[in-house]
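Remarks on the structure that follows.
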Amino acid sequence: MPKIVSKRLFSENVAELVVHAPLIARSRRAGHFVIVRVDEHSERMPLTISSADIDQGTITLVVQRIGVSSAKLMALEAGDELHNVVGPLGKATNIQAFGTVVCACGGVGAAPMLPIAQALKQAGNRVITVLAARTAELIILQEQLAAVSDELIIMTDDGSMGQKGLVTMGVEQVIQREHVDKCITIGPAIMMKFVALTTLKYAIPTEASLNTIMVDGTGMCGACRVTVAGKTKFVCVDGPEFDAHAVDFDEMLARLRQYKTEESLAYEAYLNRDTTSNLPEQPTAPTESISLIQVSPFEGKAKDRVAIPRVKMPELSPEERIQSIYKEVNLGLTAQQAITEAHRCLDCKNPTCVQGCPVNINIPGFIKQLELGNVLAAAEVIQQSSTLPAVCGRVCPQEKQCEAQCIHLKMGHEPVAIGYLERFVADHAYGLSSVTSLPSAPLTSTNRTKIAVVGSGPAGLAFAGDMAKYGYQVTVFEALHEIGGVLKYGIPEFRLPNAVVDREIEGLRRLGVQFQCDTIIGKTLSISDLQQQGFAGIFVGSGAGLPRFMGIPGENLNAVLSCNEYLTRVNLMGASQAINDTPLLSAKNVMVVGGGNTAMDAVRTAKRLGAQRAMIVYRRSEDEMPARVEEVRHAKEEGIEFLTLHNPISYHADEQGRVSEALLQVMTLGEPDESGRRAPVELPGQTITIPVDLVIVSVGVSPNPLIPSAVAELEITKKGTILVNDHMQSSIPMLFAGGDIVRGGATVILAMSDGRKAAKSMHEYLSK
């Protein structure tokens, strides 16, 4: 963990921390920031790097006590460790020889301004810094700023230091006496707004470094979005610096107040040390072991197998499951159920089910072993093709893939429950019953060539597993503080428990795969850095986390969230637990826009967190809905309303600026579009208005821009995805890619398929 080397108090509520973070120190530039977590319960806090010492391997941060997590950080001393520090993040400041530059900063904005002023001075600019605060006690870093400025002007509201007045007075004073080529402003949002209004009068180009709310900070959640020149931008990847004259500061100021009530209550509870919480329940393990079942060979004929009815998955009752976000809905088959269902498999000579599986699991092979009671043997068969069987058995759309190709369907019967059986085998083999562990696959090579994997989602994990089996020394680099990618932040535990994901990851560790969190390839380490460290091949599975929005009026109101932000707050950050610092908006009327699995995850989560009315709004009919049939059924059982053939066209706010109403356009279906689904068509003049106090937008995602933007020679498609050939190889021969960063959006199993294909191709490439 990163250690605090030294601490200096500027005031009761502002401190400077020097933190040991050598990789960040080496790669940081002026304008960059980091994300910090104090402990396992803290928020992900953005803090700008005020300076760095490459020789000492340290970065300097300035923190202001505002809420719970910042209070925790302020309480630490030299020698204490931070739980996580990740960076550098954001785009570096554009440093050029502009001429005369005014650097206008207020309060703790002096910290991020310091490296910018220094870089501007080194580039040959005349630097005039205007440093402002309410009182003299809140003025910080004046000596350091004076040293890198041609002139330092200090302004205080009460005149206790420097001149009496606001920062704008100091800026305008400079403008009126000499020519100014550029202005950069950093500080409270209201201060930056008025600096921008001041410089606009004189037509002086002005950049503002924005301090928005963030959750992940890596371009995934959309919490930091702002409107710039009428377009939605994301501060963490598009900024933090923008044309100050184009920023909608009023909107930004409103969004900064979004969690004010929740944060105030949390801070009060923290001061009173009221930390009672609803800790998550542990996943329930199967109570019956297959070893306790007497298995006898099935002696019936094919017609007898066909006559066996398909097994029904045991489930929690809707009444029980909506009480908890942690209780898994599907309970798993009993041993007897699994054996009986295995009897249904006809062991076809031409198993079309295998063709329907994106990773080509030998489905009849593992089912036959299960039928004989050989769970470990069945697991070994699956493991030859799949790295994440317990995951895939839960979340893969088997009804559209392997089960859709089952011979039973052609015979007028329900398909074999392949997904249920895969889950059963994986769960029992990994130790939920009498079996303690899944055996590690033998290494097929001992060359120990180093391979880097970017991202620990399903594509990266599948690739890592296969490359480890080939004998390579594999390291997975993850930007977040948890391994698992979308499996952790995107899918709720009532559908995929974290404990299940962790067991799958532990299986990879037994294969020799190493994992490194809090490392952003393209930021913390470059592709060149990896090459210099001896990595012979790189696989990019960084996903498609950048949320899309519809671009309709009111979409940036408070309580209008991306689905990624909502699920990340709940799933990754545990925002629904009082013990954790990340805030979550409570709501009675929740509307989720979209019809995919992610939309179902969000609306079902909202119902479990207390929504009285939880709705899906989808512009097509239910027949066109891409979500799994099972997820739709579960949602309906749980009381979710479905407003199909409706589409939001605007949102309206209450007097506090929070969304209160959604205006929906009534739709009908026209001719099929390019996707083959019937296109939604507006019914002119037919709209409805519904009350809402939380809107969750789930209309798709875009590729994460970090890798594409960091590697200039990498060929990118118009959609921002990495261009690869049929072997998953990019324009850089040693770099392969797969999953959402290539597809733009895909299922877990399709991402895994890409990872496996890339591993085979890279192995062949490196073996030449």
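The values are calculated or read from the model by the stated rules, or taken from the named source; none is laboratory data. Note that this is a predicted model, so its numbers are computed, not measured. Ideal geometry is used to build each Cβ from the backbone, glycine not excepted, and the neighbour counts take in all protein chains shown.
So here's what we get for this one:
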read-out: Test result for Glu288, of a type outside the set (S, T, N, Q), touching a helix residue (DSSP H, G or I) at 6+ places or on another chain (Cβ under 7 Å), within 30 Å of Arg503 (Cα to Cα) and modelled with pLDDT under 75; value: yes
read-out: Members of segment 120-143 that are touching a strand residue (DSSP E or B) at 6+ places or on another chain (Cβ under 8 Å) and under 20 Å from Ala15 (Cα atoms); value: Leu131, Ala132, Ala133, Arg134, Thr135, Ala136, Glu137, Leu138, Ile139, Ile140, Leu141, Gln142
read-out: Scope segment 333-357; condition part of a loop (DSSP other than H, G, I, E, B) and over 28 Å from the mean Cα position of the chain (by Cα); matching residues; value: Leu333, Thr334, His343, Arg344, Cys345, Leu346, Asp347, Cys348, Lys349, Asn350, Pro351
read-out: Failed item, numbered, when Leu421 is tested on (1) crowded, with 24+ Cβ neighbours inside 10 Å; (2) modelled with pLDDT under 95; (3) under 16 Å from Asp347 (Cβ atoms); value: (2)
read-out: Every residue from segment 184-204 that is surrounded by fewer than 17 Cβ atoms within 10 Å (Cβ to Cβ), more than 30 Å from the chain's Cα centre (by Cα) and aliphatic (A, V, I, L, M); value: Leu197, Leu200, Ala203
read-out: Condition check for Tyr618: in contact with a Gly (Cβ under 6 Å, 6 or more places away or on another chain), under 30 Å from Gly739 (Cα atoms) and among the aromatic types (Phe, Trp, Tyr); value: yes
read-out: Residue list for segment 3-27, restricted to those being at pLDDT below 95 and in a loop (DSSP other than H, G, I, E, B); value: Glu12, Asn13
read-out: Residue check, Val724 assigned by TED's automatic domain parsing to the domain that holds Ser753, free of Cβ contacts under 8 Å to residues at least 40 places away in the same chain and either surrounded by 19 or more Cβ atoms within 10 Å (Cβ to Cβ) or among the hydrophobic types (A, V, I, L, M, F, W, C) (or both); value: yes
read-out: Matching residues in segment 384-402 - criterion: being of a type outside the set (A, V, I, L, M) and buried (at least 23 other Cβ atoms within 10 Å of the Cβ); value: Ser386, Thr387, Pro389, Cys392, Gly393, Arg394, Cys396, Gln398, Cys402
read-out: Candidate set: segment 28-55, residues that are in a strand (DSSP E or B) and over 22 Å from the mean Cα position of the chain (by Cα); chosen: the one nearest to Gly574 (Cα to Cα); value: Ile49
read-out: Within segment 470-482, considering residues that are crowded, with 23+ Cβ neighbours inside 10 Å and either in a helix (DSSP H, G or I) or aliphatic (A, V, I, L, M) (or both), the one nearest to the chain's Cα centre (by Cα); value: Leu480
read-out: Pairs with Cβ under 7 Å, 6+ apart, first in segment 364-379 and closer than 20 Å to Ile407 by Cα, second crowded, with 23+ Cβ neighbours inside 10 Å and among the small types (Gly, Ala, Ser); value: Phe366/Ala378; Ile367/Ala342; Gln369/Ala378; Leu370/Ala338; Leu370/Ala342; Leu370/Ala378; Glu371/Ala342
read-out: Residues within segment 70-119 that are outside any strand (DSSP E or B) and either aliphatic (A, V, I, L, M) or touching a strand residue (DSSP E or B) at 6+ places or on another chain (Cβ under 8 Å) (or both), tallied; value: 33
read-out: Identity of the residue in segment 638-689, among the aliphatic types (A, V, I, L, M) and over 31 Å from the mean Cα position of the chain (by Cα), that ends up nearest to Met252 (Cα to Cα); value: Ile688
read-out: Cβ pairs under 9 Å, 6+ apart, first in segment 130-148 and in contact (Cβ under 8 Å) with a residue 60 or more places away in the chain, second among the charged types (D, E, K, R) and surrounded by 15 or more Cβ atoms within 10 Å (Cβ to Cβ); value: Ile140/Glu16; Leu141/Glu16
read-out: Counted residues, segment 542-561 - those being under 15 Å from Val603 (Cβ atoms) and modelled with pLDDT under 95; value: 0
read-out: Residue among Ile407, Ile361 that alone is among the β-branched types (Val, Ile, Thr), more than 22 Å from Gln336 (Cβ to Cβ) and over 32 Å from the mean Cα position of the chain (by Cα); value: Ile407
read-out: Hits in segment 513-532 (condition: part of a loop (DSSP other than H, G, I, E, B), surrounded by fewer than 17 Cβ atoms within 10 Å (Cβ to Cβ) and modelled with pLDDT under 95); value: Ser526
read-out: Filter result (closer than 15 Å to Ile186 by Cβ, in a strand (DSSP E or B) and out of contact with any Gly (no Cβ under 9 Å at 6 or more places or on another chain)) within segment 129-151; value: Thr129
read-out: Pick from segment 569-605, criterion of a type in the set (A, V, I, L, M, F, W, C) and surrounded by fewer than 24 Cβ atoms within 10 Å (Cβ to Cβ), ranking: farthest from Gly551 (Cα to Cα); value: Ile579
read-out: Segment 609-629 - residue that is within 25 Å of the chain's Cα centre (by Cα) and without any contact (Cβ under 8 Å) to a residue 60 or more places away in the chain and, of those, surrounded by the fewest Cβ atoms within 10 Å (Cβ to Cβ); value: Gly610
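So that you can scan it fast, the table gives a plain yes or no per residue for (1) over 23 Å from Lys233 (Cβ atoms); (2) over 26 Å from the mean Cα position of the chain (by Cα):
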{"position": "Gly57", "(1), (2)": "yes, yes"}
{"position": "Val63", "(1), (2)": "yes, no"}
{"position": "Ala78", "(1), (2)": "yes, yes"}
{"position": "Gly90", "(1), (2)": "no, no"}
{"position": "Ala97", "(1), (2)": "yes, yes"}
{"position": "Gly109", "(1), (2)": "no, yes"}
{"position": "Leu114", "(1), (2)": "yes, yes"}
{"position": "Lys121", "(1), (2)": "yes, yes"}
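This table checks each residue for (1) of a type in the set (Phe, Trp, Tyr); (2) touching a helix residue (DSSP H, G or I) at 6+ places or on another chain (Cβ under 8 Å); (3) outside the structural domain of Ala606 (by TED's automatic domain parsing).
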site: Val474; (1), (2), (3): no, yes, yes
site: Gly490; (1), (2), (3): no, yes, yes
site: Arg495; (1), (2), (3): no, yes, yes
site: Val500; (1), (2), (3): no, yes, yes
site: Arg509; (1), (2), (3): no, no, yes
site: Gln516; (1), (2), (3): no, no, yes
site: Phe539; (1), (2), (3): yes, yes, yes
